[in-house]
Each structure stands twice: as C-alpha cells, then as structure tokens.
Amino acid sequence: MPRQESLGDYPSPGATPKAYVPPPPATNEPNHHIPQWYPSCEGMPQLVQAPPGNMYCPPGVTMVPGFPYPWIVDQTGQFLQYSQYQCPMSHSQPAPRATATNRFHMPCAQEGDTIQEETHSVVAPSKNASQVNAEIDATPIVNQGETCQMPEKAPEVLDADDTDLPDNVIGLGDPCKMLTDPSFASSVADLLEKSGKEKRAAIVTWMQPVVLSLAFSAHGTHLIQKALELTGGETQIMLSVCFHGRVRQLLTSHRGNHVLQKMIEMMPPYATEFIFYELSFFNGGWAGVARHQFGCRVVQRLLEHCDAGLTAPIVAAVVADINTLSKDPFANYVVQHILEHAPAHQSEVVNAIIQVGVPVMAKHSVASNIVECAFELSGPLDKQALAEAILSIPGAIVDMSCSRYGSFMVRQMLQTLQGTLRCMVLQQLGEAIPELRKSKPGKQVASKVKQALAMIDAGSA
C-alpha cells in the first residue's frame, strides 16, 4: 500500500480564523459573557456579516465572516446552512450591521462599504464550540518542506437528505471509497468526462466531503485535477473553496502542488486571489516560495496566468534577492519565467543582474542560465546594457570565454551583436586568441573569432 500523507486540521497562516460563539448567558447581566476570539487569533477584529437585503437572521444566529459562502453559527456553536433561514425581511427585527471587508475578507479602512454575499449552498460539518477550541489548541506548526499526511479518519459523508443530488449520483455510494479504491476513483473521473454540466456539478457536490483528502492521495489528485479541467463557473469555485486555508499544505505536498497548479491554470485570476494571500505568509515570503522545490512550479503558473498587478510582489521579492535566487537550483526557473512571461519587469531583472555583476553570474553553473535568458529575451536597450557591462571590465570577456559556462554567453554575443559592440567583442577576443587556446571552451570561441575576422578582412578587400 502506498505511503499516505497525514493532513492536520489546521489552516494556513493568514486564513480566516474560526469563530467561537459562546452559549446564551445564564444571567440577565449585560456583560456576563462577551464573545471573544481565540488567543491565537489575537488582534483580529470580530466581523459580523449581515445577510442580503431580503433576508434576516433569526434571533441567536451569527454570520461567520471570511468565508466566500454563507455559513452561520447558532448560540450553541453549531454550524448551519444559511439557506435554512431564508425568509422575508421583518421590519420589526433589524439586521445587524455589516463590517466592511476587502477582497481578502479583512476589515476595510473605509466605512460604508458593503459586502455582497454569494448564495451558494455549502454543506459544512457540524461542530460545537468546544470542538472548535480543541482543534485550535491542537494546531501544530508545519515548517517549510514538511510532508503533509492524510487524516486517519475520513471526513463525514454528505447526507443525501440534506442535498438535492439526483438519484444516479447518490447511487454512487460513499465518496470515501475513492481514497482507497483506485478503480472507483477512475470510474468517477470517467463519469465526469461523459456527463453534462448539471450532472458534473452534482458529482462535485457529492465529492465535497473528501475533496481535500483526495488532493493529497496518489490517485485522488488526478481526479481533482480532472474535475477542475471539466467544470467551470460556480461549480469550479465551489470545488476550490474546499482548499481555502490549505494552500501551504498543498504547495508542500508532492501531490497537492499539482492541484494548486491546476487551479491557477483553469480558474480566472480573481478566483485565485486567496492563493496569493495565503502564500504571502509562507516562510521567507515569495523568495521562500520560489526556493521551494514545488513552490517554484506554483510561482511559474502564477506568472503565466495572472496579470502584472497581481504578480508585482513576486517580482519585487525576486529582484531584491536576485544574487541568491539566480544561483538556486529551483528559484532560477522563477527568474527565467519573469523574463519570459512578465515583459513589463524585464528591465528590473536586467538592472539587478548588472548590479550583481554579469561576468560573475555568467560563469556560475546555474546563474549562467539567467544571463543567457536575459540576453536572449530582452529588448535592444537591455541587451546593449548587458554587453557593455561585460566589455567595460578589462579581461572579463576573455575569462568568460575560458569558462565552461561563461563561454555560452560569449558565443551568443558573437551571434547576436551588431555594429560597434560586435567590433569591440572581436577586438578584445582577437587580441587574446593565444590565451583562449589554452582551454577547451576557449578554443571553440577562438575558432569563431577567427572565422568572423576572416570574413571582415574578405569584405574589406
């Protein structure tokens, strides 16, 4: 049986904290029991979300903030569906005021902003207040690179009486079987592919209790990726909500990171903002994500599919630590991706490379890829700046030519540069041909220099 990864019931840093709603006060004193957030979430304001204008909250019911779907908690700490309380607004029962929040469900600076709640129906597991506190007490800290394990106990299965699933979907049975039966998971994937839009949405709803565990399992990760590919709109968003607060665990898992990448590829950029928000709390920030063996892939997908406004913090972190990241076996691919997929930031990267030292980076086994990529993809002005940074240092181009890795950059300059810069390259290399012939890489450069000089002499004759 393949090794399974354990997944603790704890959110990523920056995820919206769980709410603790105490039982009704035993006395009539106004300050007998004041609701408080758990100490680990110290400093977070208690957000109370009002329902839409045509709804009202029954007495003793509180909206839970920070969730993109409307969940509520009653006075006993039980999580309930908001749809159970949809009824006309009673003018005699004023709705509670809503605290304005931003797109990350954090408090806004401006007062008066309203929040538009989506009205999707989400089935949440029932937990009382004492269970919520016990989970927070037992919350472990996961360091970068730790392996996430699947939970020993499978999540609670959806009750067919609480959903509007068609009989042919309910007839599939217990979705937890997909965690241990690869053939069953494969049959569900085939059913998703052959079904229409409505049935796919029903299958995703049926899968919801085990979606998180499937993302960390050997065969389940492919099923979740298939579901993300085949669904769209509200169904796709409903599927992604299962991963809110779990982005860091997905990133550090060699199976879960593929689900994270697929979400970025298939979902619109606005729907992936929770990924940006949670990863901003990663150990080491965006530079730490770029250095991670799986995180570098996730950052590459973000650079490919998100606009410059969202990826600007990534670029800023990379440029600030360009010397270290360019030599990192994983982060160097992120730097190359910025040059390729964020043309608006090319000049920032080129200037940072020049500040570090082009000849030094060009001779490094890993950083040399960055220099070559920058020279190949940058515009004429940046290309000229890179060449001048090399030619302005006496003997730098000769040292690069004799280097195993630096010689690739020199040959690229001989093929690409024109005019005065090309003449300067040929002049400096032509004067050092005897020295170039002392090393194997230098011999190849010397041969190309002699050919170029011969062509110039033939043309002048």
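The lone criterion from (1) touching a helix residue (DSSP H, G or I) at 6+ places or on another chain (Cβ under 7 Å); (2) outside the structural domain of residue 382 (by TED's automatic domain parsing) left unmet by residue 350 is number (2).
Here is a yes/no grid of residues against (1) more than 14 Å from residue 241 (Cα to Cα); (2) without any contact (Cβ under 8 Å) to a residue 24 or more places away in the chain; (3) in contact with an Asp or Glu (Cβ under 8 Å, 6 or more places away or on another chain):
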residue	(1), (2), (3)
184	yes, yes, no
190	yes, yes, no
193	yes, no, no
199	yes, no, no
206	yes, no, no
209	no, no, yes
214	yes, no, no
218	yes, no, no
223	yes, no, no
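Would you confirm whether or not the stretch 228-246 contains a residue that is of a type in the set (Val, Ile, Thr), assigned to a loop (DSSP other than H, G, I, E, B) and touching a residue at least 60 places away in the same chain (Cβ under 8 Å)? No, the stretch 228-246 contains no residue that is of a type in the set (Val, Ile, Thr), assigned to a loop (DSSP other than H, G, I, E, B) and touching a residue at least 60 places away in the same chain (Cβ under 8 Å). Taking first residues from the stretch 412-430 that are free of Cβ contacts under 8 Å to residues at least 60 places away in the same chain and partners that are among the basic types (Lys, Arg), the Cβ contacts under 7 Å between residues at least 6 apart in sequence or on separate chains come to 414/448. In the set 171, 145, which member is surrounded by fewer than 20 Cβ atoms within 10 Å (Cβ to Cβ), of a type in the set (Gly, Ala, Ser), at pLDDT below 90 and under 19 Å from residue 261 (Cα atoms)? So the residue among 171, 145 that is surrounded by fewer than 20 Cβ atoms within 10 Å (Cβ to Cβ), of a type in the set (Gly, Ala, Ser), at pLDDT below 90 and under 19 Å from residue 261 (Cα atoms) is 145.
List the helices (runs of 4 or more DSSP H) that sit entirely inside the stretch 248-293 and contain at least 1 residues that are acidic (Asp, Glu).
Numbers: elements: 256-266, 273-279, 285-291.
Passing ranges, in order: 256-266, 273-279.
Those helices (runs of 4 or more DSSP H) of the stretch 353-461 in which 2 or more residues are more than 37 Å from the chain's Cα centre (by Cα), under 26 Å from residue 341 (Cα atoms) and not assigned by TED's automatic domain parsing to the domain that holds residue 340 occupy 406-416.
The one condition from (1) in contact (Cβ under 8 Å) with a residue 40 or more places away in the chain; (2) closer than 30 Å to residue 387 by Cβ; (3) not assigned by TED's automatic domain parsing to the domain that holds residue 384; (4) not β-branched (Val, Ile, Thr) that residue 281 does not meet is (2). Scanning the stretch 349-373 for residues that are closer than 14 Å to residue 412 by Cβ and among the polar types (S, T, N, Q) yields 368, 369. Residues that are part of a loop (DSSP other than H, G, I, E, B) and crowded, with 19+ Cβ neighbours inside 10 Å within the stretch 184-227 comprise 216, 217, 219, listed in sequence order.
The values are calculated or read from the model by the stated rules, or taken from the named source; none is laboratory data. Nothing here was measured: the structure is a model prediction, and the numbers come from that model. Don't worry about glycine lacking a Cβ; one is built from the backbone with ideal geometry, like all the others, and counts go over all protein chains shown.
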